[in-house]
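Novice: The structure's right below; bear with me while I get my questions together.
Readers should treat all values here as calculations from the given coordinates under stated rules, not as data from a laboratory. Remember, predicted model here, so these are calculated numbers, not experimental data. All Cβ positions, even for glycine, are placed from backbone atoms using ideal geometry, and neighbour counts span all protein chains on display.
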Amino acid sequence: MQKVSDLLKSKVKQLWTILPEALVLDALKLMAEKEIGALMVVDKKDKVVGIITERDYARKIILKGKTSMKTSVKEIMTPSNKMYTVKPDTPVEDCMVLMTGKHIRHVPVFDGGKFVGLISIGDVVKSTISQKDILIDHLSDYIGGKY
């Protein structure tokens, strides 16, 4: 059974963050530049205070008539006390259940209280498909008499 730590090993090691006082426009620019859909929001002491996602932007800026050039990240982010998180030893299947059940696309990973990574629903789906493909190959080999 694959765990979140396995997903993190295959991902780019850079963890992209932004300050809560930054403008939403700056967060969007960084997400576009790095081709990612979420950023962890950290204070000046590198403590995680929340997460900002493309969905936060769509629902809390556009739909409420605000502007990304005048709104700070902290005004629209999901605060840390409302974030769903997982641990490195969490099974990937549990992440899929969490993400689909709560309708979220990004889940921060914490080891002990330390932020160690961020996984997306894309990471989880790709891992699940890969594991199923391996199982199918093994079963085909078994049925075909390779073993």
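Novice: What net charge do the residues around E21 carry, taking every other residue with its C-beta under 11 Å from that of E21, with Lys and Arg at +1 and Asp and Glu at -1?
Specialist: That works out to -1.
Novice: Between the helical axis of 92-102 and the dominant principal axis of the chain, each derived from Cα atoms, what acute angle in degrees is found, rounded to the nearest 10?
Specialist: 40
Novice: Any chance you could list the semi-axes, whole Å, largest first, of the equivalent ellipsoid that the Cα gyration tensor gives for the range 33-72, using √(5λ)?
Specialist: Output for the range 33-72: semi-axes of 20, 13, 9 Å.
Novice: By DSSP, what percent of the beta bridges with both residues in the chain are antiparallel, rounded to the nearest 5?
Specialist: Of all bridge pairs located within the chain, approximately 85 percent are antiparallel.
Novice: In the neighborhood of G101, defined by Cβ-to-Cβ distances under 14 Å, what is the net charge if each Lys or Arg adds +1 and each Asp or Glu adds -1?
Specialist: For residues surrounding G101, the net value is 0.
Novice: May I pose another question? Normalized C-alpha radius of gyration of the range 4-143, against 2.2 N^0.38 Å?
Specialist: 1.18
Novice: For the chain, take the longest principal axis of its alpha carbons; what is the angle in degrees between that and the long axis of helix 24-34, to the nearest 10 within 0 to 90?
Specialist: 30
Novice: Okay, next question. DSSP beta bridges in the range 1-75, what fraction antiparallel, as a percent rounded to 5?
Specialist: 75
Novice: So what is the relative contact order of the chain, in percent, for Cα pairs below 8 Å that sit 6 or more residues apart?
Specialist: 23
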